[in-house]
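As structure tokens, the structure follows; a few thoughts come after it.
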Amino acid sequence: MKNPLDSLWGTIISGLILTLILYNIVNHFLGG
Amino acid sequence: MEYVPAFARWLHFMAGVMWIGLLYYFNFVQVDALKAAQADGTAAGITKHVVPRALLYFRWSALVTWLAGAALLGGNFFLAFGLQGVYSAIGIGAWLGTIMLFNVWFLIWPNQKKILGIVQATDEEKTKARRVAFLASRTNTMLSIPMLFFMGAGAHVAIFFG
């Protein structure tokens, strides 16, 4: 499997997905 | 005016713009520009005159950003890094920024020193150094996306988490 960080779009999409995951963690588990 | 937090916030923004601006320059401009320059034999000027200067401002602005951020957190530093209550959003931003600072000083810069010939390295070591520095830089670009989100969210919790 290709490393997503080898492409700029892969890097940006990975960053957006990580943002969504972390947002949900903070919103649901840590009380914002 | 509360001089220390006001100055710390201003400095944090200015140094942060320089740090992330140079990070985006490396990733969005320089990587492809160097490939094209190597293909037509004009890369030497970039690696000799541009890269060392960009890296100088890059690594020191990263450190200043972190220190100003720590000063800005002040007495809430451990609440943020401990992800406590309303400090959890800025805490996530602070943790991501800290990981990025680590990458700059312990992965990107030491490997760039080998690539640029500041420290001795064999061709094999340089090839490995290029890959490690590239991936660390791309990792920081990826982490900058949630980092900037949580920096904004931490300062405006009602908007982002209301």
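The values are calculated or read from the model by the stated rules, or taken from the named source; none is laboratory data. This one's a predicted model, so the numbers in the text were calculated from it and none came from an experiment. Please note: Cβ atoms are built from the backbone with ideal geometry, for glycine as well, and neighbour counts cover all protein chains shown.
Here are a few things to note about the model shown:
- Among residues that are assigned to a helix (DSSP H, G or I), over 16 Å from B:Trp105 (Cβ atoms) and in contact (Cβ under 8 Å) with a residue 12 or more places away in the chain, B:Arg9 is included.
- Residue count, the range B:128-162 (criterion: more than 8 Å from chain A (Cβ to nearest Cβ), assigned to a helix (DSSP H, G or I) and without any contact (Cβ under 8 Å) to a residue 24 or more places away in the chain): 7
- Single residue of the range B:52-104 satisfying the filter (within 14 Å of chain A (Cβ to nearest Cβ) and on the phi > 0 side of the Ramachandran plot) that is modelled with the lowest pLDDT: B:Gly85
- Considering the range B:34-54, the residues that are buried (at least 16 other Cβ atoms within 10 Å of the Cβ) and out of contact with any Leu (no Cβ under 8 Å at 6 or more places or on another chain) include one that is farthest from B:Thr139 (Cα to Cα), namely B:Ala37.
- A count restricted to the range B:74-92 and to residues that are free of Cβ contacts under 8 Å to residues at least 40 places away in the same chain and surrounded by fewer than 21 Cβ atoms within 10 Å (Cβ to Cβ) stands at 10.
- Checked against the criteria, B:Ile46 counts as over 18 Å from the mean Cα position of the chain (by Cα) and assigned to a helix (DSSP H, G or I).
- Filter pass, B:Leu96 being in contact (Cβ under 8 Å) with a residue 40 or more places away in the chain, out of contact with any Phe, Trp or Tyr (no Cβ under 9 Å at 6 or more places or on another chain) and surrounded by 21 or more Cβ atoms within 10 Å (Cβ to Cβ): no
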